[in-house]
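So the structure is just underneath, and the comments pick up after that.
Computed from the coordinates by the stated procedures, all read-outs in this text should not be read as laboratory data. Only a predicted model underlies this, so the values are computations on that prediction, with no experimental measurement involved. Neighbour counts run over all protein chains shown; Cβ positions are idealised from the backbone, glycine included.
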């Protein structure tokens, strides 16, 4: 069976996930080709996966490149994501590919598309034989906004590729005796870092707590203004965007990671942190939580309402006062629900069904 994967090949965690997926599919005996529109034209073989890289141009060039690669490789299965979805579904349908799969990652509330964009996407999704999503939230979203039949939708979680990166050894960034809170993510309003700042300002012993924000974005000035208003200068550190290796060190240097997003289709940062055994407080809006039984032992202790400042403050105070779960609890939470081999076999079953 020939499989064509379309995604942007780079150094991101999501790209590494698809790279590992491609290798996993090869171990099942499939012939796998990756098409990526990025950088200069290139072609190479890596881990028995064929890579075809095409320079990214305008929309017409992108569509033309995707059409010719599908025509040339003659895949039995296409799996596409993000900007590759529309052309892959269109040309896969025209060229009569047996299994044309779209993998959707983003909630409508995260991108606020226009009515025209929703209409266009709806027409393309009609061409898919199957749509993979990474949470039950996304299943509901695609049914409600894009009228995708539930029978076409399958929820598959990610696994983390964090273990493939080495530490960068930059612990001097975190060398103080304070209780260290980490919050990774782009600095945009929807990531809701404001909530942590407000909760931090209400802590009884806040002078012994430091918040580290890993990421960059247009909301940074708003956060700086809030920090000044709450008299928290010196207790909040902006680390900027970190490399993949830097993120490994970040997770291993922090006392607790807090993830307060208002909307999160899945939330790779959640499974990255727990895979390292790092204590986490996570917003109930994270799609990754839909793969975990709500009655799972201790889960309610780490999940919070992303609009409840007081609720988050109380959970932080418990951690600061030493009432923490073991690292093994978080590692087990990851391995029980986001096991790579199990997820690979789920994907194999979908492809061959």
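Some values worked out for this structure:
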quantity	calculated
Candidates 331, 155, 43: whichever shows maximal mean-square fluctuation once the chain is modelled as a Gaussian network with Cα springs under 10 Å	43
Mean Cβ count within 10 Å, highest first, over the residues of peptides 17-23, 116-122, 238-244	17-23, 238-244, 116-122
Value of relative contact order over the stretch 163-337, rounded to a whole percent, pairs C-alpha under 8 Å and six or more apart	25 percent
Angle between the chain longest axis and helix 193-202 axis [Cα atoms, degrees, rounded to 10]	10 degrees
Cα-based helix-to-principal-axis angle, 327-337 vs the chain, degrees rounded to 10	20 degrees
At q = 0.20 Å⁻¹, base-10 log of I(q)/I(0) for the stretch 210-257 (Debye sum, equal scatterers on each alpha carbon)	-0.72
Viscosity 1.306 mPa s, 10 °C: Kirkwood-radius Stokes-Einstein D of the stretch 41-87 over Cα pairs, µm²/s	134 µm²/s
Radius of gyration and Dmax over the Cα atoms of the chain, both given in Å	21.4, 65
Angle in degrees between helix 220-229 and the longest Cα principal axis of the chain, rounded to the nearest 10	10 degrees
GNM top mover of 54, 307, 46 - the chain, alpha-carbon springs below 10 Å	46
Highest-MSF residue in the chain out of 339, 321, 86 [GNM, Cα springs under 10 Å]	321
Longest to shortest principal axis, alpha-carbon extents of the stretch 197-347, angstrom	51, 31, 26
For the chain: relative contact order, % (alpha-carbon pairs under 8 angstrom, 6 or more apart)	14 percent
Order of 224, 317 under a 10 Å beta carbon neighbour criterion, fewest first	224, 317
Relative contact order for the stretch 1-70, counting Cα pairs under 8 Å that sit 6 or more residues apart, in percent	28 percent
DSSP bridge pairs, the chain: antiparallel proportion in percent, nearest 5	10 percent
Projected label distance in nm at residue 93 and residue 11, using a 7 Å step from Cα toward the beta-carbon	3.9 nm
Packing-based ranking, highest mean first, of 270-280, 188-198 given that Cβ atoms within 10 Å are counted	270-280, 188-198
Euclidean distance between Cα centres, the stretch 37-104 to the stretch 286-317, Å	39 Å
Value in Å of the Kirkwood radius, where the stretch 245-308 supplies the Cα pairs that are averaged	12.1 Å
Estimated 222 nm signal from helices in the chain, with DSSP H stretches of n ≥ 4 weighted -39500 (n - 2.57), rounded to 500	-12000 deg cm²/dmol
Kirkwood-Stokes translational diffusion coefficient of the stretch 4-159, alpha-carbon pairs, 20 °C, 1.002 mPa s, µm²/s	134 µm²/s
